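The values are calculated or read from the model by the stated rules, or taken from the named source; none is laboratory data. Worth saying up front: this structure is predicted, and the values here are computed from it rather than measured. Using ideal geometry, Cβ is built from the backbone for each residue, glycine included, and neighbour counts are taken over all protein chains shown.
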Amino acid sequence: MADMHTMPPSPLRDQNIGLALAALGAALFATKGIFVKLAYAQGLDALTVLAWRMILAVPFFLAFGLLAYRDRRRGKGRHANEKVPPRSVFGAVLIGIMGYYGASLLDFLSLDLITAQLNRLVLLTYPFIVLVLGAVLFRRRLTAPVIGAALLAYLGIAIIFGHDMVIEGDTVLAGTALALASALAYALYQLFAKPLIDVLGPRLFTAIAMTAAGVMVLVHFFWTHPFSALAIAPDTFWILLALALAATVAPVLLIAAAIGSIGAERTAVFGNISPILTIILAIIVLGEPFTAIHGAGTALVICGILLFTRLTTQPAIASREEGPIS
């Protein structure tokens with residue numbers, strides 16, 4: 001009888017590990033808005049929080065990129081011994097600035113004006129924008145069921161938006177507009193990033209894009225803030241460290257591992273638990289209100305997203321938990 005300790009892992013075990021990685025990655029992504037809100041409560045503004053996120057997270061992504069480049073030079077992996085085209089590097093820089101800088105900044109500004117719950121639900125609908133942009137720019141076909149799923153999700157957002165607008169006023173309008181703009185920027189990122197990822201590989205692409213965005217964030221920060229604005233209390237530092245590592249670096253790695261194990265489409269399904277966890281955390285940690293109207297709107301959004309996930313099989317849309325605004 002073969003020694004159980006020497007037997008290779010079963011496919012079922014590998015699948016279960018992949019599912020667990022996807023669930024944990026989605027759960028960690030759900031904490032992003034919570035940590036940002038906690039940092040705001042310490043008196044920081046959006047750009048300072050984003051600058052610290054980049055300062056703490058970019059070195060990790062840069063290290064992963066250097067390892068990917070080393071493997072490439074040593075003849076390992078899918079892109080073994082392939083040269084790195086300067087044009088693709090330049091493209092990754094531009095895409096990174098649009099996605100990891102533009103979309104993230106709009107996202108963080110939005111969180112300063114609306115609840116973490118509404119922000120998360122608005123961002124969750126960006127795959128619909130990907131489809132619309134694909135139809136406009138590349139003449140991809142939109143089907144009636146997919147349009148129906150989008151309308152269902154946006155109806156849910158409209159219900160919550162209308163309720164919060166009555167209570168909070170114009171800040172809800174501005175915050176929701178910023179969240180939609182963030183979703184648009186990330187949708188553009190999704191459309192144009194995939195060809196570059198195919199050439200550079202995901203690790204090298206992410207390292208280049210994230211580093212370029214980090215430089216852009218710091219240029220923006222020091223253009224508008226004195227260096228002393230980076231001074232923070234120890235308690236605030238731990239919040240920002242959690243934002244950078246627990247809500248950024250760790251989930252990106254977990255989701256990437258999950259995609260490698262169970263595929264992008266199955267991994268994406270777990271993204272649908274993320275807004276639910278954000279809502280629970282927002283209620284418990286931040287004390288945000290959650291009424292029957294919020295519940296109805298949230299249910300419509302999640303139903304729309306679930307329907308959309310079942311109707312679409314495009315990898316660029318299915319792997320929606322990999323990016324900057326997740």
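If you go through the range 237-281 one residue at a time, how many are of a type in the set (Gly, Ala, Ser) and modelled with pLDDT of 85 or more? Break it down into steps so the answer makes sense when it comes.
Taking the range 237-281 as the starting set, the residues that turn out to be of a type in the set (Gly, Ala, Ser) are 242, 244, 246-247, 250, 256-258, 260-261, 263-264, 268, 271, 274.
In the following step, the residues that additionally are modelled with pLDDT of 85 or more were identified as 242, 244, 246-247, 250.
Of the residues in that region, 5 qualify.
Could you go through the range 262-275 and let me know if any residue there is assigned to a helix (DSSP H, G or I), under 30 Å from Val84 (Cα atoms) and either of a type in the set (Lys, Arg) or within 14 Å of the chain's Cα centre (by Cα) (or both).
Within the range 262-275, one or more residues are assigned to a helix (DSSP H, G or I), under 30 Å from Val84 (Cα atoms) and either of a type in the set (Lys, Arg) or within 14 Å of the chain's Cα centre (by Cα) (or both).
Has the range 214-227 got any residue that is in contact (Cβ under 8 Å) with a residue 12 or more places away in the chain, small (Gly, Ala, Ser), in contact with a helix residue (DSSP H, G or I) (Cβ under 6 Å, 6 or more places away or on another chain) and part of a helix (DSSP H, G or I)?
Looking through the range 214-227, at least one residue is in contact (Cβ under 8 Å) with a residue 12 or more places away in the chain, small (Gly, Ala, Ser), in contact with a helix residue (DSSP H, G or I) (Cβ under 6 Å, 6 or more places away or on another chain) and part of a helix (DSSP H, G or I).
Looking only at the range 96-113, count every residue that is outside any helix (DSSP H, G or I) and either buried (at least 24 other Cβ atoms within 10 Å of the Cβ) or of a type in the set (Asp, Glu) (or both) and tell me the total.
Within the range 96-113, residues that are outside any helix (DSSP H, G or I) and either buried (at least 24 other Cβ atoms within 10 Å of the Cβ) or of a type in the set (Asp, Glu) (or both) number 1.
Give the range 19-39 a look and list any residue that's among the small types (Gly, Ala, Ser) and crowded, with 24+ Cβ neighbours inside 10 Å, or say none.
Ala22, Gly25, Ala26, Ala30, Gly33, Ala39
Is it the case that Val199 is over 22 Å from Gly260 (Cα atoms) and surrounded by fewer than 23 Cβ atoms within 10 Å (Cβ to Cβ)?
No.
Looking for whichever is modelled with pLDDT under 90, under 18 Å from the mean Cα position of the chain (by Cα) and assigned to a helix (DSSP H, G or I) here; the options are Pro145, Pro127. Which one fits?
Pro127
Of (1) under 15 Å from the mean Cα position of the chain (by Cα); (2) at pLDDT 85 or above, Gln190 satisfies all except one. Which?
Failing condition for Gln190: (2).
All but one of (1) surrounded by 15 or more Cβ atoms within 10 Å (Cβ to Cβ); (2) under 19 Å from the mean Cα position of the chain (by Cα) hold for Ile280; state the number of the condition that does not hold.
(1)
All but one of (1) under 30 Å from Leu180 (Cβ atoms); (2) surrounded by fewer than 19 Cβ atoms within 10 Å (Cβ to Cβ); (3) at pLDDT below 90; (4) not charged (D, E, K, R) hold for Val93, so report the exception by its number.
(3)
Yes or no, residue by residue, for (1) of a type outside the set (D, E, K, R); (2) over 22 Å from Phe270 (Cβ atoms):
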position: Gly18; (1), (2): yes, no
position: Ala22; (1), (2): yes, no
position: Gly33; (1), (2): yes, no
position: Asp45; (1), (2): no, yes
position: Ala51; (1), (2): yes, yes
position: Val58; (1), (2): yes, yes
position: Leu62; (1), (2): yes, yes
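Do we find a residue being among the acidic types (Asp, Glu), touching a residue at least 24 places away in the same chain (Cβ under 8 Å) and in a helix (DSSP H, G or I) anywhere in the range 157-166? First the steps, then the outcome.
The first filter runs over the range 157-166 and keeps only residues among the acidic types (Asp, Glu), leaving 164.
So of that shortlist, the ones also touching a residue at least 24 places away in the same chain (Cβ under 8 Å) come out as 164.
Restricting the remaining residues to those that are in a helix (DSSP H, G or I) gives 164.
Checking the range 157-166: at least one residue is among the acidic types (Asp, Glu), touching a residue at least 24 places away in the same chain (Cβ under 8 Å) and in a helix (DSSP H, G or I).
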